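Here is the structure we will look at, set down as structure tokens.
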């Protein structure tokens, strides 16, 4: 179970509709920090994340939704205290001097109060308080999601810079090979088709560069919007990916998952529906309303203070026949509660799945990197050997061309696979994240967590 500080209400126990997972397939030894992106030791990433948390517009929307939910709690809580009102009423009657029926000027002070005999108001207020807490955790979920999106966009930009440098090197290599083939063609040592094939490889590499340039512009636009800014060009992006941090601890699955803000949001929504069922049941019982009225009455404003009247009253409203509406409202509230119970169970299941998927994918991704790195090593040796044989006239150029093309593709694939490993780790951190306190929460004080 998890609770918000300052919450003194009893929180209902929740029994999951299945046996929770007991352990994950892998577990590291390093604790996951709340600000998980710091583990990459990338100062620029830290600055980008801080800027996004401050200026991202959807995150601001989520924060104002918290404010809206807090106002709804205050509205619901107002039913706990009496309503007071002051009314000044005046009128003109014809024919004069008086109208039949009494005074036509009145100043009245009134009060009304519903005694919460069966807890209907109390349960309704509690339901809104839980919805407020769910909204607060929705904001924290949005913050976690935003940080992962910023990290993904930044690392993809860095990988893009590596790819552009790699493609430029490959273009230079291909141009050198083309010059060599042309010299051999001029001396009649090779066929003209070899020149055409090498030119085709150069054009294909140029196409790769154009695609990478397009990806870079799109990533820059995406990152700018995440930072709450119009799309625009970024400064120079380092062509270097960070080392993978050590595998984080996973611990007890259910305890770990319960830290997630999306799970906590679903949990508090379930608590809200539980209170709404209680409120619907209480609505079937009689209501006791107390009222007090004090009035000054006269035919004109001058004599208003000369006539006073006070009335005290109470009413007991007991529902007898509402066409089954009240019972149907209870059934509706219970059905909504069951929906939310299963939604909460599904949220926990998805959390288990996301963590387990990330762990399995990271293991396999590491294996893929090792395999591709070995392929690159073998392709380099093969290309070197074939190039020597080609220069000595023992191997046709087509064999060299195929090997060179494979080598260049493998190098680009290796960069993408290393980027994929970082993306998987970000997904794992996001799946394990328990939320963190933003600067906006610090500036607003503790009132967000304490109603």
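The values are calculated or read from the model by the stated rules, or taken from the named source; none is laboratory data. What you see is a predicted model, and the numbers here were worked out from it, not measured in a lab. All Cβ positions, glycine included, derive from the backbone under ideal geometry; neighbour counts span all protein chains shown.
Of note:
- Every pair of residues 6+ apart whose Cβ atoms lie under 7 Å, when the first sits in the stretch 362-381 and is under 12 Å from residue 410 (Cβ atoms) while the second is surrounded by fewer than 11 Cβ atoms within 10 Å (Cβ to Cβ) and at pLDDT below 95: none
- Scanning the stretch 32-49 for residues being surrounded by fewer than 16 Cβ atoms within 10 Å (Cβ to Cβ) and either free of Cβ contacts under 8 Å to residues at least 24 places away in the same chain or outside any helix (DSSP H, G or I) (or both) gives a total of 8.
- Single residue of the stretch 298-335 satisfying the filter (under 30 Å from residue 18 (Cβ atoms) and surrounded by fewer than 16 Cβ atoms within 10 Å (Cβ to Cβ)) that is modelled with the highest pLDDT: 335
- The condition of being free of Cβ contacts under 8 Å to residues at least 60 places away in the same chain, in a loop (DSSP other than H, G, I, E, B) and surrounded by 16 or more Cβ atoms within 10 Å (Cβ to Cβ) does not hold for residue 417.
- With respect to the conditions (1) surrounded by fewer than 16 Cβ atoms within 10 Å (Cβ to Cβ); (2) touching a helix residue (DSSP H, G or I) at 6+ places or on another chain (Cβ under 9 Å); (3) at pLDDT 95 or above, residue 422 falls short on a single one, namely (1).
- Of residues in the stretch 1-44 being in contact with a strand residue (DSSP E or B) (Cβ under 9 Å, 6 or more places away or on another chain) and closer than 21 Å to residue 353 by Cβ, the one modelled with the highest pLDDT: 36
- Of all residues in the stretch 329-372, those satisfying the criterion of being farther than 28 Å from residue 14 by Cβ and touching a helix residue (DSSP H, G or I) at 6+ places or on another chain (Cβ under 6 Å) are 361, 362, 365, 368, 369, 372.
- Filter pass, residue 404 being part of a helix (DSSP H, G or I), buried (at least 19 other Cβ atoms within 10 Å of the Cβ) and either in contact with a strand residue (DSSP E or B) (Cβ under 8 Å, 6 or more places away or on another chain) or modelled with pLDDT of 95 or more (or both): no
- Within the stretch 427-445, considering residues that are farther than 15 Å from residue 140 by Cβ and modelled with pLDDT under 90, the one surrounded by the fewest Cβ atoms within 10 Å (Cβ to Cβ): 443
This table checks each residue for (1) in contact with a helix residue (DSSP H, G or I) (Cβ under 9 Å, 6 or more places away or on another chain); (2) under 16 Å from residue 348 (Cβ atoms); (3) assigned to a loop (DSSP other than H, G, I, E, B); (4) in contact (Cβ under 8 Å) with a residue 24 or more places away in the chain.
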residue: 196; (1), (2), (3), (4): no, no, no, no
residue: 218; (1), (2), (3), (4): no, no, no, no
residue: 262; (1), (2), (3), (4): yes, yes, no, yes
residue: 284; (1), (2), (3), (4): yes, no, yes, yes
